[in-house]
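As structure tokens, the structure follows; a few thoughts come after it.
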Amino acid sequence: MFLNSRTYTVESVTSGHPDKVCDQISDAILDECLRQDPKSRVAVESFGGHGLLVIGGEVTSNAKFDAVEIARNVYKDIGYTAELKIITNIVQQSPDIAQGVNTGGAGDQGIMYGYASADTPEFLPKVLVQVHALAKGLENLRRGGETWLRPDGKSQITVEDGRVKTLLVSTQHDAAAEQEFIRARLIEKLFGPIIGDLSGIEILVNPTGKFAQGGFDADTGLTGRKIMVDTYGGLLPHGGGCFSGKDPTKVDRSAAYMARFAAKNIVANGLAKSCLVSVAYAIGRAEPLMIEAVDEAGKDLSDTVKQKFDFKPLAIIERLNLRRPIFQQTAAYGHFGRPGLPWEEIVSLYAN
């Protein structure tokens, strides 16, 4: 874990980052399917860039939805006005996969991780909470009256020997906004309120000197390309599977949520100061191939996790009540440490 390193860096991105636009479109389609048919099977990917958006994947559902309309609404709500040519290619789930999922098996093979620490009220490392706050702060400022800001942006924090060394924000802006103004405004309205004392910290704002062109006008985006931003900022391992656009039978998503739920409740119940949970599956099989948990000192907590938490896919879906349209809200600023999400609930592990 990089948290044990002398120097480490974490990053976040705004909701207007091209990859995050695609995540939100995919999850908005998932939510609409679940709203109409809670047992929908959905695996939707979006690719966008330079006036074109392509939506493809597999959906098996009784839901009737217009993917093009959903995508346009998401794009507009984020704050973009440019026209998009939208192409869709959505088919039914492969019967070879369905035959295993129909019996309660995992919708894919793979490895998933969950982590929690007692460092913050969010049960996450402080630097991760701060880097998301910087990115979300850019959006809040834009929507709150800083009309020179535009939707695309990134934040980054480097820590050395336990203290913040460098703050970096790259934010899309109105072409007329001067860099000196942008830097001064963000120090006053963003860095100071979130980080506090800025003395001795290197502050970088738009290091190229200009960021007027952003979003799909400047770059391409793809669902699932910001998996470290979605989870633990690169401080902890990630199994590789993305979350957005996938219904809860896909353990890439649901088991990662359950691993976070288990880790958080291990810490919240005083069994560890931090906890890392890992789980692995075979496609079509309900029982995990592996469940492992360790605390901050490397003590094995696997037996406790196995006793207290059921990691079979259908059990996860039931315990966390995941057949609901709750996923678009997760598609920017991280899936963890946010109130109101079922995998963030704290429960007693000592109840009869």
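Where a number appears in this text, it was derived from the coordinates with a stated rule and is not lab data. Note that the coordinates shown come from a computational prediction; the quantities given were computed from them, not determined experimentally. Because the Cβ atoms are built from the backbone with ideal geometry, glycine has one as well, and the counts that use them run over all protein chains shown.
In the neighborhood of Ser274, defined by Cβ-to-Cβ distances under 10 Å, what is the net charge if each Lys or Arg adds +1 and each Asp or Glu adds -1? Numbers along the way, then the final one.
Values: positive: Lys273; negative: Asp119, Asp295, Glu296.
Charge balance near Ser274 sits at -2.
Where does the longest stretch of the chain lie that holds no GluC sites (Glu not before Pro) found in a DSSP loop with 15 or fewer other Cβ atoms within 10 Å? Display every interim value, and only then the final one.
Details: sites that count: Glu83, Glu178, Glu345.
Longest stretch, sites excluded: 179-344.
Would you work out if the range 152-236 is rounded, prolate or oblate? Take a ≥ b ≥ c from the square roots of the eigenvalues of the alpha-carbon gyration tensor; rounded if a/c is under 1.5, else prolate when a/b is larger than b/c, oblate otherwise.
On the way: a/c = 2.44, a/b = 1.07, b/c = 2.29.
Because a/c hits 1.5 or more and a/b fails to exceed b/c, the range 152-236 counts as oblate.
Of all DSSP beta bridges located in the range 121-204, what percent are antiparallel, nearest 5?
On the way: 9 of 12 bridges.
That works out to approximately 75 percent antiparallel.
From the Cα gyration tensor of the range 151-307, with a ≥ b ≥ c the square roots of its eigenvalues, which class applies: rounded if a/c is under 1.5, or else prolate if a/b is larger than b/c, or else oblate? Present the calculation step by step, with values, prior to reporting the outcome.
On the way: a/c = 3.61, a/b = 1.70, b/c = 2.12.
Taking the square roots of the gyration eigenvalues as a ≥ b ≥ c, the range 151-307 is oblate.
With a ≥ b ≥ c the root eigenvalues of the C-alpha gyration tensor of the chain, is it rounded (a/c under 1.5), prolate (a/b larger than b/c) or oblate? Show your work: numbers first, answer last.
Numbers: a/c = 2.30, a/b = 1.17, b/c = 1.97.
Note, shape of the chain comes out oblate.
For the chain, with a Gaussian network of springs between Cα atoms less than 10 Å apart, report the residue from Gly298, Gly221, Gly56 with the top mean-square fluctuation.
Result: Gly298 has the largest fluctuation of those listed.
I need Arg183, Arg41, Arg260 ordered by Cβ neighbour count within 10 Å, fewest first. Walk me through the intermediate numbers first.
Working: Arg183 16, Arg41 22, Arg260 27.
By the 10 Å Cβ count, ascending: Arg183, Arg41, Arg260.
Among Ile346, Ile78, Ile326, what is the fewest-to-most ranking by other Cβ atoms within 10 Å?
Details: Ile346 12, Ile78 20, Ile326 17.
So the ranking, lowest neighbour count to highest, is Ile346, Ile326, Ile78.
Among DSSP beta bridges whose residues both lie in the chain, state the antiparallel percentage, nearest 5. Before the final figure, lay out each step's value.
Working: 43 of 55 bridges.
Roughly 80 percent of the beta bridges in the chain run antiparallel, per DSSP.
Given the pairs Lys273/Lys306; Lys20/Lys250; Lys154/Lys306, which are separated by over 28 angstrom at their Cα positions? Don't skip to the end; give the middle numbers.
Details: Lys273/Lys306 19 Å; Lys20/Lys250 20 Å; Lys154/Lys306 38 Å.
Pairs exceeding 28 Å: Lys154/Lys306.
Ile111: net charge of surrounding residues, Cβ under 14 Å, Lys/Arg +1, Asp/Glu -1, itself excluded? Write out the running numbers ahead of the final one.
Numbers: positive: Lys250, Arg253; negative: Asp108, Asp252, Glu292.
Once positives and negatives cancel, what remains is -1.
Sort His50, His238, His335 so the one with the fewest other Cβ atoms within 10 Å of its own Cβ comes first. Spell out each step's value before the answer.
On the way: His50 12, His238 16, His335 23.
The fewest-first ordering by Cβ neighbours comes to His50, His238, His335.
First select every other residue whose beta carbon is under 10 angstrom from the beta carbon of Glu318; then total the charges, Lys and Arg +1, Asp and Glu -1. All intermediate terms of the calculation are to be shown ahead of the outcome.
Values: positive: Lys312, Arg319, Arg323; negative: Asp310.
Computed value for this residue: +2.
Which residues' amide hydrogens lie under 5 Å from the amide hydrogen of Phe211, considering only partners 5 or more residues apart or on another chain, with H built in the peptide plane?
The list, which skips near neighbours in sequence, is His173.
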